[in-house]
1. If you go through the range 137-160 one residue at a time, do you hit one that is within 24 Å of residue 99 (Cβ to Cβ), under 25 Å from the mean Cα position of the chain (by Cα), in contact (Cβ under 8 Å) with a residue 40 or more places away in the chain and surrounded by fewer than 20 Cβ atoms within 10 Å (Cβ to Cβ)?
2. Looking at (1) part of a loop (DSSP other than H, G, I, E, B); (2) closer than 19 Å to residue 106 by Cβ; (3) over 23 Å from the mean Cα position of the chain (by Cα), find the lone condition where residue 125 falls short.
3. In the range 213-231, how many residues are crowded, with 24+ Cβ neighbours inside 10 Å and over 29 Å from residue 156 (Cβ atoms)?
4. Having 2 or more residues that are modelled with pLDDT of 95 or more and under 19 Å from residue 128 (Cβ atoms) is the bar; report the helices (runs of 4 or more DSSP H) wholly within the range 171-259 that clear it.
5. Consider only pairs whose beta carbons are under 7 Å apart and that are at least six residues apart or on different chains; among these, list those whose first residue lies in the range 68-85 and is free of Cβ contacts under 8 Å to residues at least 24 places away in the same chain and whose second residue is crowded, with 16+ Cβ neighbours inside 10 Å and in a helix (DSSP H, G or I).
């Protein structure tokens, strides 16, 4: 406890000053400090975090204990190295009853949740199709160059990532279904938009967010954040993956436990 000394006339009085407690018993950050570090998030996101700061902190602590790749920001300004290639990739057709393009692979970390999501959709009479998954740096270069030749630089950059800047290189991103705008209004597309977060998956490029994400709306492109990460994004970041990952990159150290 800190004492504030006040002089009144010839008398000195010590008034105890109570230090603001941290928002979580495992952290040192206070609510005032948290408030200061939430700028420049949109007001709605700031308010949702400040309404439940301890819940937010607890989820952040647990999320940041998980595989670092789940929170890794990959975009036009934060590329992966050319040799980034996750070692635990496996063929997607390993999952029973999941339809996937032959030979596509993903990181094993997401298989259990992908299988559970596939089963949930199958029970409701829907079919989950994995159309694209992991892409190497070189393969992404081929994809981007095709778009470049067909559409030109400006439009190609809105619909395709240059090599190193694609989430697919993480082995955590999936293109579902037809990979067309029409997928949004299919039974599967509508179900994923409402329910994928329960299985750890997040829509990467939502409608109306191109200024932030750099890409046009892609209702088929989901990235695996894990169930804790997807819950955080939904409850506190309004299902805005880019805002969530940017916050983690800039402020995530505030919620890391010290060894």
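1. No, every residue in the range 137-160 fails to be within 24 Å of residue 99 (Cβ to Cβ), under 25 Å from the mean Cα position of the chain (by Cα), in contact (Cβ under 8 Å) with a residue 40 or more places away in the chain and surrounded by fewer than 20 Cβ atoms within 10 Å (Cβ to Cβ).
2. (2)
3. The qualifying residues number 2.
4. On the way: elements: 187-195, 210-213, 226-236, 241-251.
Filter on the range 171-259 gives 187-195, 226-236.
5. Within 7 Å, no pair qualifies.
The values are calculated or read from the model by the stated rules, or taken from the named source; none is laboratory data. None of the values given here were measured: they were computed from a predicted structure. Cβ coordinates were reconstructed from backbone atoms using ideal geometry, including for glycine residues, and neighbour counts include every protein chain displayed.
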